[in-house]
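Trainee: Take a look at this one; I'll ask things after.
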Amino acid sequence: QVQLVESGGGLVQAGGSLRLSCAASGSAFSFDSMGWYHQAPGKQRELVASVTENGNTNYADSVKGRFTISRDNAKNTVYLQMNSLKPEDTAVYYCNAKLITSDWWGLGTQVTVSS
């Protein structure tokens, strides 16, 4: 069974940086894509960034130029480097992995950015 475990969330001042990690286990195949979503109170869960197994990336407009997603296939781990953080980035961040029509989710990690 596929399991995703996030780490690296926390409290940071505006303008600071955090690096999120997501370790995947239990898959016999490389995931088609892995990504990060966030969800703020009272809002829908939204895509932040994703990366395919070949390294193609996609970012939400709100994080372009500030966040970088990367993937270590040997470690089955995906990262999200978050720089120049803003209070609007405050949310629970969830790791996601996709394989054909299936997808899996981590339990989430809280990111709080203070002003």
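The values are calculated or read from the model by the stated rules, or taken from the named source; none is laboratory data. On a predicted model such as this, the values are computed, not experimentally measured, just so you know. So basically every Cβ, Gly included, is an ideal-geometry build from the backbone, and we count neighbours across all protein chains shown. Ligands, DNA and RNA are excluded from the accessible area calculation, which covers all protein heavy atoms including side chains. Shrake-Rupley method; radii C 1.70, N 1.55, O 1.52, S 1.80 Å.
Trainee: Which of the aspartates and glutamates could be linked to residue 98 by a straight reach, that is with a Cα gap under 20 Å, when you skip same-chain ones fewer than 8 residues away?
Mentor: Within the straight-line cut-off, residue 98 pairs with 6, 32, 46, 53, 72.
Trainee: While we're looking at this one, here's another question. Take the solvent-accessible surface of the protein heavy atoms, probe 1.4 Å, and return the percent of it on the chain that carbon and sulfur atoms account for.
Mentor: Working: 3000 of 6390 Å².
It is 47 percent, rounded to a whole number.
Trainee: Still on this structure, please answer the following. Which shape class, rounded, prolate or oblate, goes with the chain when its Cα gyration tensor gives a ≥ b ≥ c as root eigenvalues, a/c under 1.5 marks rounded, and past that a/b bigger than b/c marks prolate? List each step's numbers first, then the result.
Mentor: Working: a/c = 1.85, a/b = 1.69, b/c = 1.09.
It comes out prolate by the Cα gyration axes.
Trainee: I'd like to know which of 30, 16, 56 lies farthest towards the positive end of the charge dipole of the range 16-78, counting +1 on Cβ of Lys and Arg and -1 on Cβ of Asp and Glu.
Mentor: 16
Trainee: List the trypsin sites (Lys or Arg not before Pro) within the range 15-96 that DSSP assigns to loop and that have no more than 12 neighbouring Cβ atoms inside 10 Å.
Mentor: In loop regions of the range 15-96 (DSSP not H, G, I, E or B), the sparsely surrounded trypsin sites (Lys or Arg not before Pro) are 43, 64, 75.
Trainee: Mind checking the dipole of the range 33-115: about its Cα centre, +1 per Lys or Arg Cβ, -1 per Asp or Glu Cβ, Debye to the nearest 20? Mind showing how you got there, number by number?
Mentor: Values: 8 positive and 7 negative charges, 11 e Å.
For this selection, approximately 60 debye.
Trainee: Continuing with this model, one more query. Just add up the charged neighbours of residue 107: K/R +1, D/E -1, any other residue whose Cβ is under 14 Å from the Cβ of residue 107.
Mentor: Numbers: positive: 45; negative: 6.
Charge balance near residue 107 sits at 0.
Trainee: If you rank 47, 99, 11, 20 by how much accessible surface each has, with a 1.4 Å probe, what is the order from largest down? Present the calculation step by step, with values, prior to reporting the outcome.
Mentor: Working: 47 60, 99 35, 11 130, 20 0 Å².
Descending order: 11, 47, 99, 20.
Trainee: Whole number in Å², please: accessible area per residue of the range 1-80, 1.4 Å probe, ligands, DNA and RNA not counted.
Mentor: Details: 4580 Å² over 80 residues.
Here the per-residue accessible area is 57 Å².
Trainee: Report relative contact order for the chain in percent, whole number only (criteria: Cα-Cα under 8 Å, sequence separation at least 6). Please list the in-between numbers first.
Mentor: Working: 283 pairs, mean separation 41.2, N = 115.
Rounded, it is 36 percent for the chain.
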